[in-house]
Amino acid sequence: MIEPIVDRVLRSTRYRDVDRTLLDRLAAEELPKSRNADDAVKRVKRRLHQAVGAYRGAGAADPLAAVRATWGGDLFDPAFRAACLAVMRGHASTNERLPYIEGFFAPIWELTGGRPRAILDLGCGLGPLALPWMGLSPEATYHACEVDRRSLKVVDALLDLVGQPHAVHARDLVADGPPPIRSDVALLLKLVPLLDRQDPSAAARLLGALDARHVVISFPTSSLGGRRRGMESTYRRRVDELVAALEIGEVREASVPNELVFVVTPRG
Ligand SMILES: C[S@@+](CC[C@H](N)C(=O)[O-])C[C@H]1O[C@@H](n2cnc3c(N)ncnc32)[C@H](O)[C@@H]1O
């Protein structure tokens, strides 16, 4: 019975706002390996930490207070941008990109034939708060997808505030696949290594189910602790594997500092 295990995990405030599908899936996977219920709860929490908890900060009561206070209708306003950067620091993975956020998106849009008018950001974390640096049209639609509703709530409120057309999708991308959205660009920023740890076949399934003109897949070039561990060659091999398995069309590499970024353009 997975329900009592999930109920016990949900009693801790830390994981209350993680999408239930992920909790059910992890409990179903961990229960058969567990000695007893206590062990199962511990195992599920460990997996949740790897998937979600390791990236989250403590979570402020009102994380967007400074963003709202500085919003005057201009995405270029330095005070507004500084407030967005401060919020993004609350997500360990999004935070890693901040030192080079200025130059991150232009080289990617060069390979996608311009800025997307419909973007699907999978496992987005707090990445959509980089909207001021993305240069999207005010009419572009931003679809943000995450298993962590805490991040999604912040993303939703920010996109509401600035009036960017958007939708948020709470999903376990391993069990549920992507939302059925046709997009110009689907972003899988630093997501594949995480999916590989959860289910080695999930990334290929996800890519196969996407309806996107271009898919952007990135990998960190250092670990969360900041150490470089020769990950680049491993990740290059992983992209080659995914692309070969799916018989995807063209793969090009965007020249972006401190992150390995591939733009995959499916055939036809
Ligand atoms: C390494 S972070 C990358 C965040 C963001 N894409 C970025 O680059 O700033 C991976 C994100 O995927 C989310 N995640 C983990 N497992 C997931 C799953 N099964 N389905 C959907 N999202 C998941 C985590 O909550 C986390 O925010």
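The values are calculated or read from the model by the stated rules, or taken from the named source; none is laboratory data. Model, not experiment: these values are computed from the prediction. No Cβ is skipped: glycine too gets one built from the backbone with ideal geometry, and neighbour counts run over all protein chains shown. For accessibility, only protein heavy atoms count, side chains too; no ligands or nucleic acids. Shrake-Rupley method; radii C 1.70, N 1.55, O 1.52, S 1.80 Å.
Summary of computed values
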read-out	value
Residues (in a strand (DSSP E or B) and either in contact with a Leu (Cβ under 7 Å, 6 or more places away or on another chain) or open to solvent by 50 Å² or more (accessible area, probe 1.4 Å) (or both)) located in the range 148-169	H166, V168
Residue match in the range 248-259 (condition: over 25 Å from L22 (Cα atoms), charged (D, E, K, R) and within 14 Å of the ligand (Cβ to nearest atom))	yes
Residues being within 14 Å of the ligand (Cβ to nearest atom) and hydrophobic (A, V, I, L, M, F, W, C) - total across the range 6-26	4
Unique match (being more than 8 Å from the ligand (Cβ to nearest atom) and under 15 Å from C124 (Cα atoms)) among V162, V215	V215
Enumeration of residues in the range 75-128 that are under 17 Å from the mean Cα position of the chain (by Cα), part of a helix (DSSP H, G or I) and free of Cβ contacts under 8 Å to residues at least 60 places away in the same chain	L85, M88, T94, N95, L98, I101, P128
Failed item in (1) within 11 Å of the ligand (Cβ to nearest atom); (2) among the hydrophobic types (A, V, I, L, M, F, W, C); (3) open to solvent by less than 20 Å² (accessible area, probe 1.4 Å), with A54 passing the rest	(3)
Filtered residues of the range 29-46 (kept if open to solvent by less than 40 Å² (accessible area, probe 1.4 Å) and part of a helix (DSSP H, G or I))	E30, D39, A40, V41, V44
Matching option when the condition is in contact with a helix residue (DSSP H, G or I) (Cβ under 6 Å, 6 or more places away or on another chain), more than 13 Å from the ligand (Cβ to nearest atom) and charged (D, E, K, R), among E30, E3	E30
Selection count, the range 40-63, where residues are touching a helix residue (DSSP H, G or I) at 6+ places or on another chain (Cβ under 7 Å) and more than 23 Å from E96 (Cα to Cα)	5
The range 170-213: number of residues that are assigned to a strand (DSSP E or B) and among the basic types (K, R)	2
Qualifying positions in the range 174-189 - closer than 20 Å to E241 by Cβ, in contact with a Ser or Thr (Cβ under 9 Å, 6 or more places away or on another chain) and surrounded by fewer than 21 Cβ atoms within 10 Å (Cβ to Cβ)	none
Residue list for the range 250-268, restricted to those being open to solvent by 30 Å² or more (accessible area, probe 1.4 Å), modelled with pLDDT under 90 and within 20 Å of I101 (Cβ to Cβ)	S255, P257, N258
From A37, A66, residue being in contact with a helix residue (DSSP H, G or I) (Cβ under 7 Å, 6 or more places away or on another chain), away from the ligand (no atom under 16 Å from the Cβ) and either of a type in the set (F, W, Y) or modelled with pLDDT of 95 or more (or both)	A66
Unmet requirement for M134, which otherwise passes all of (1) touching a Phe, Trp or Tyr at 6+ places or on another chain (Cβ under 9 Å); (2) in contact (Cβ under 8 Å) with a residue 60 or more places away in the chain	(2)
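Every residue, every condition in (1) at pLDDT below 90; (2) of a type outside the set (F, W, Y); (3) surrounded by 12 or more Cβ atoms within 10 Å (Cβ to Cβ), yes or no:
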| site | (1), (2), (3) |
| --- | --- |
| D196 | no, yes, yes |
| A202 | no, yes, yes |
| H214 | no, yes, yes |
| R229 | yes, yes, no |
| I248 | yes, yes, yes |
